[in-house]
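Colleague: Pasting in a structure now, in structure tokens, and then I'll have a few things to ask.
The values are calculated or read from the model by the stated rules, or taken from the named source; none is laboratory data. This structure is a prediction, so every number in the text was calculated from the model and none was measured. When we count neighbours, we look across all protein chains shown, and the Cβ atoms used for this are built from the backbone with ideal geometry, even at glycine. Quick note on the areas: whole protein, heavy atoms, side chains included, nothing else; ligands and nucleic acids left out. Shrake-Rupley method; radii C 1.70, N 1.55, O 1.52, S 1.80 Å.
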Amino acid sequence: MGAPTQAIRDLSGILPILVLWGVALVILLGAPLLRRGPGSRLAAPLGGAGALGALLVLLRGSSDGFGDTLFAGAALTDTLYSSGAFVLLLGGFLSVLVAQTYLRSRDLEKPEYYAIMLLSLSGALLMMQANDLIVLFLGLELMSFGLYVLAGFARTDAKSDEAALKYFLLGALASALMLYGIMLTYGVAASTELSNVQSAVARGALKEPMGIAAALLLVIGLCFKIAAVPFHQWSPDVYEGAPTSATAFLATTAKIGAIVAFLRVCDTIAGGYHTWLPAIRAIAILSMIVGNLIAIAQTNVKRMLAYSGVAHAGYLLVAVACMGFRLMGTKGTQASILAMTGAVFYLLAYALALIGAFGVLAYLSSRDKDAQTLNDLRGLASSQPAVGYAMVLFMLSLAGIPATAGFIGKWQVFYAVLTGGDVALAVTMALTSAMGVYYYLRVVWYIVFEESAAPKPSPTGHGVEARPRAMTGVGAAITICCIATIGLGILPAAISSFLTVVR
Amino acid sequence: MRPGVLIFWLLAVPMVACALLVITSRNPLRSALFLVAHMLLLAGMFLSLSAQYVAAVQVVVYAGAIMVLFVFVIMLLNLGGAQKMDAAGLGWALGIAMSLGLAALFVGTGVWKSGLHAGKATAKTLAQGGTAQAVGFALFDPELPWLFPFEVASIVLLMAAVGAIVLAKRKL
């Protein structure tokens, strides 16, 4: 009896991943039917159903079997995974909605896009469920391969090609560094399983040169993925060059997957915090300052959001740094748990605002115009008030203005790091957030107070396609993001049953 | 010098030399050939660690199949001639500094009192450890944590194949 029930338990633990794989395979196998003709309308709904199905399966299964390891210790399920997965799959679903409209209006739609999205999501889920560094690495690669391809999905666009190539080359370098780190970890721990790594760290493995090198290489590899300074060079070009729907997806997916994995890894090696905590603190402070400073100079909204993403990586690294406080007394332990919950909420707020903002850009794009710059947003509040004020809301949430979800996320991380007693990080976070308000509000200024540069689209001719698009995917995505951003800003407790990380 | 150590150095020095020649040769075909030589020496290294199966796979898959594809692509793109590479000052210097830093890191961690723990290998497990049978049992035993990553790897390969086709094929 033992073996089959064990297998079923293992498989049900990764049910969301299996759903994603299944739907992705259906799309790939059915691609000839989905490519043209009447079937082409089905590709996006299938992709959305895959992400939504995985989300529902996750919510149904989240009552039992937590804290278990699966597949003889290769993977695990816990509340950090389940809350991270909730955010990830919600973001994935919203990204499908954005992609449906954007790809169609830019004439880029292929069923493979959605299959690649789902496989990429499954990779991020694997990163969160990994209980072994090898599985973590495979998840990272599965996620990244998809993101490279999506970045280069507009094949005839030189900028998209450039984005894919840059992302791929630097991503490959990051993967190599991380693999070196895993190799050296095996050298000091004689295992890549996290529990064994943890006990090796407790024995003092991070005091030895090889252990120090291993920890730093792992940190560098993950910092590449979340685009933290000084490993952020790829992000502006990739954000700008990738098709807008792909930018929305890769910005959120990579950050959610890598930050949750980062939290887990740093939680595992908390015993050797003296080795890695200074590095993380330095990278966090640099990211917050550099990201916010360079974002001020950007006139392209996609590039600005890339640098703002660097700054947000810095804020999230503050939460990661809190993992290092876990073994510093009760306050420290409390801080590390608060930081986990805070980071996941932060990721949710960030994903909602970012997908919403890119959704607005996607909404404004048409076959011959790709909305990217501040000028494209000029006077949006008077020409298309609903979309304009939605964009204003997303900017306010990214800036962390109270009554938006972004504020609650920032506050939770801030509170966690103060509980941990790290005043320097908290002060940097507060000051750089204030700095960031400037460039978010500049977008708001362009939308609300600037005169529209182009005359209003005439009801005939090209302008006509702007209207009915509100009914399609991207309109739904923007609406959901708006409601959730305000709702979570006012009632953050509404979602805490899904998002609280328990230890 | 013990024979094992001697074999290590006999393999390691030409291996590093070949790796350096791969990235310094101006002719891509020559780079590919040095890569083959590097991979064959690496297979020798696996053999000296009594990992016969991995050594054989290294020869068949990497030195064989994958390198054939490399050479094929080089020929197809007609990259036979020497390519001019402009060595831009700062980037070049940064690259060399980075690789020297990494090399120092690895050599350093190996040479200093490193925390290398003795594995669980004994003479007996070593003797049978490298066979195809032993590798197969390790990979497919549900009691070991390697079955799941092995299956995941197939999805990763599928992803790579789909991605390559999507990016390369002009009209699907």
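Colleague: Nearest 100 Å², what total accessible surface is buried between chain B and chain A (probe 1.4 Å)?
Modeller: Accessible area lost upon association: around 3300 Å².
Colleague: Using a cut-off of under 14 Å, list every residue of region A:230-270 whose amide N is near the label point 7 Å from the Cα of A:Met328 along the Cα-to-beta-carbon line.
Modeller: Backbone N within reach: A:270.
Colleague: Here is a follow-up. For the protein assembly as shown, go through all pairs of different Cα atoms, get the mean of 1/r, take its inverse, and jot down that Kirkwood value in Å.
Modeller: 26.2
Colleague: If you don't mind, another one. For region A:118-133 and region A:343-373, what is the centre-to-centre distance using only Cα atoms, to the nearest Å?
Modeller: 24
Colleague: What percentage of the solvent-accessible surface of chain A, computed with a 1.4 Å probe over protein heavy atoms, is contributed by carbon and sulfur atoms?
Modeller: 69
Colleague: First measure r as the distance between the Cβ atoms of B:Ile96 and B:Val73, then evaluate 1/(1 + (r/R0)^6) with R0 = 35 Å and state the FRET efficiency to the nearest 0.05.
Modeller: 0.80
Colleague: Right, next: Keeping every protein chain present and rolling a 1.4 Å probe, give me the accessible area per residue for region A:3-499 in Å².
Modeller: Averaged over the residues of region A:3-499, the accessible area is 33 Å².
Colleague: Could you work out how much longer the chain between A:Val502 and A:Ala297 gets when fully extended? Use 0.36 nm per residue separation minus the Cα distance between them, nm to one decimal.
Modeller: Taking 0.36 nm per residue and subtracting the Cα distance, the gain is 69.7 nm.
Colleague: Along the principal axes of its C-alpha atoms, what lengths does region A:251-342 span, in descending order and rounded to whole Å?
Modeller: 46, 23, 19
Colleague: Additional query: Which residues in region B:124-163 have a backbone N closer than 20 Å to a point placed 7 Å from the Cα of B:Ala56 along the Cα-to-Cβ line?
Modeller: B:125-141
Colleague: Sequence gap at least 6, Cα distance under 8 Å: using those rules, report the relative contact order of region A:3-499 to the nearest whole percent.
Modeller: It comes to 15 percent, rounded to a whole number.
Colleague: When the solvent-accessible surface of protein heavy atoms is calculated with a 1.4 angstrom probe, in what order do A:Arg36, B:Arg2 fall, highest first?
Modeller: Sorted descending by solvent-accessible area, the residues read B:Arg2, A:Arg36.
Colleague: Taking 0.36 nm per residue of sequence separation and subtracting the Cα-Cα distance, how much length would be gained by fully extending the chain between A:Thr479 and A:Ser382, in nm to one decimal?
Modeller: 33.1 nm
Colleague: Could you sort out which of A:Lys110/A:Lys225; A:Lys255/A:Lys302; A:Lys110/B:Lys169 sit more than 23 Å apart by Cα distance in this structure?
Modeller: The pairs that break the limit, which is 23 Å between Cα atoms, are A:Lys110/A:Lys225.
Colleague: Something else about it: Which distance in nm do the two modelled labels at A:Ser40 and A:Ala176 give, with both placed 7 Å along the Cα-to-Cβ direction?
Modeller: For the pair A:Ser40/A:Ala176, the computed spacing is 4.1 nm.
Colleague: A follow-up question, please. Could you pull out every residue, at least 5 positions away or on a different chain, whose amide H is within less than 5 Å of the one on A:Asp68? Hs are placed 1.01 Å off N in the peptide plane, and Pro or chain starts have none.
Modeller: Here the answer is A:Thr77, since their amide H atoms fall under 5 Å of that of A:Asp68.
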